[in-house]
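The values are calculated or read from the model by the stated rules, or taken from the named source; none is laboratory data. Fair warning: this is a prediction, and the values are worked out from it, not measured in the lab. Quick reminder, even Gly has a Cβ in these numbers, built from the backbone with ideal geometry, and neighbours come from all protein chains shown.
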Amino acid sequence: MSMLASEELDTQDRSKYIKVVVAAILAGVFVFLAQDILEWILEVDFDNPDPSQIDVPQAIVDIFGRMIGFARYVGGAIIVLGIIIAVIKLSFGPAPASKIPQ
């Protein structure tokens, strides 16, 4: 049975699950901030590019800007889903000894 399908997580699964959720949230943050990071590194504003500053056709800059803008939504969705799944799954504590089938 997978970790997502089981209602309760034992201690070992819980620590693995926390690592996976934290990694997913960090990946989402990185994807969400990708446009800002690239603009800072390349010194190009993808929302309002200066044609004299770059040697790439305007159409390519526009398409790349749209792709990065879409990636921001994907990153935001990854962050939100990671938090929701973490709250749902990690709110269940280990099963009390009285509820463990014998």
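Considering each residue of the stretch 84-99, count those that are at pLDDT below 85 and under 25 Å from Phe30 (Cα atoms), and give that number.
Selection size over the stretch 84-99: 6.
Taking Glu39, is it of a type in the set (D, E, K, R), modelled with pLDDT of 80 or more and surrounded by 14 or more Cβ atoms within 10 Å (Cβ to Cβ)? Explain how you work it out, then say what you get.
Working: of a type in the set (D, E, K, R): yes; modelled with pLDDT of 80 or more: yes; surrounded by 14 or more Cβ atoms within 10 Å (Cβ to Cβ): yes.
For Glu39, the condition - of a type in the set (D, E, K, R), modelled with pLDDT of 80 or more and surrounded by 14 or more Cβ atoms within 10 Å (Cβ to Cβ) - is met.
Note down all Cβ pairs under 6 Å where the first residue falls in the stretch 13-26 and is within 13 Å of Lys89 (Cβ to Cβ), the second is surrounded by fewer than 14 Cβ atoms within 10 Å (Cβ to Cβ), and they're at least six residues apart or on different chains.
Asp13/Met3; Tyr17/Met3
What pairs can you find where one residue is in the stretch 46-63 and surrounded by 10 or more Cβ atoms within 10 Å (Cβ to Cβ), the other is of a type in the set (Val, Ile, Thr) and part of a loop (DSSP other than H, G, I, E, B), and their Cβ atoms are less than 7 Å apart, with a gap of 6+ or different chains?
Gln53/Val44; Ile54/Val44; Val61/Ile54
Please pick out the residue among Leu26, Leu9 that is surrounded by 10 or more Cβ atoms within 10 Å (Cβ to Cβ), within 30 Å of Ile85 (Cβ to Cβ) and at pLDDT 75 or above.
Only one candidate qualifies: Leu26.
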